[in-house]
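Please read the structure below before turning to the comments.
The values are calculated or read from the model by the stated rules, or taken from the named source; none is laboratory data. Predicted model, so just to flag it, every value in this text is computed and none were measured. Please note: Cβ atoms are built from the backbone with ideal geometry, for glycine as well, and neighbour counts cover all protein chains shown.
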Amino acid sequence: MENKKLSRLAYAVTQLGETEPPFSHPGFPSGEGKFLCVCCSSELFSSREKFESGSGWPSFTSPLSEETVASKIDLSHGMRRIEVNCSSCKAHLGHVFEDGPAPTGLRYCINGVALKFKPT
């Protein structure tokens, strides 16, 4: 983990698989750039794929590439979901759902504390 000074919430989310409260990131960065893993700085998502889902968490239609994120089945909390992790450091990012907009139909619902923004 590159950033050894994660906030308590960022640590709970990325290392323990917890979820931040919805709508806890008002004014989440906008503009052109990339969203990086808060733990290892791997580039994960482009601002071009970000959209407002109304879910309360940053949402993206796709990662930068299929290699940047890993996924696995998550059966916690009595639900069946697909968990998304950083491929480089395995940090928990959030979940992906099949209710997103075209063209992918996917919604990568990502915890804001798991990301940092790098403007271009």
Practice problem: Kindly indicate whether any position in segment 27-39 is exposed (fewer than 13 other Cβ atoms within 10 Å of the Cβ), hydroxyl-bearing (S, T, Y) and not in a helix (DSSP H, G or I). | Solution: yes
Practice problem: Filter segment 64-119 for residues that are part of a helix (DSSP H, G or I) and aliphatic (A, V, I, L, M) and give the result. | Solution: V113, A114
Practice problem: Hey, can you tell me all the residues within segment 87-120 that are free of Cβ contacts under 8 Å to residues at least 60 places away in the same chain and hydrophobic (A, V, I, L, M, F, W, C)? | Solution: V96, F97, A102, L106, C109
Self-check item: Filtered residues of segment 64-73 (kept if hydrophobic (A, V, I, L, M, F, W, C) and surrounded by 13 or more Cβ atoms within 10 Å (Cβ to Cβ))
Solution: L64, V69, A70
Practice problem: Enumerate the pairs (first residue in segment 57-78 and without any contact (Cβ under 8 Å) to a residue 12 or more places away in the chain; second residue anywhere and part of a loop (DSSP other than H, G, I, E, B)) with beta-carbon separation below 8 Å, excluding pairs fewer than 6 apart on the same chain, so at least 6 apart or on different chains. | Solution: I73/R80
Quiz prompt | Matching entry among T61, T14, T104 (being out of contact with any helix residue (DSSP H, G or I) (no Cβ under 7 Å at 6 or more places or on another chain) and surrounded by 14 or more Cβ atoms within 10 Å (Cβ to Cβ)) | solution = T104
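Scan segment 74-86 for residues that are of a type outside the set (V, I, T) and either more than 17 Å from V113 (Cα to Cα) or modelled with pLDDT under 95 (or both) and jot them down.
D74, L75, S76, H77, G78, M79, R80, R81
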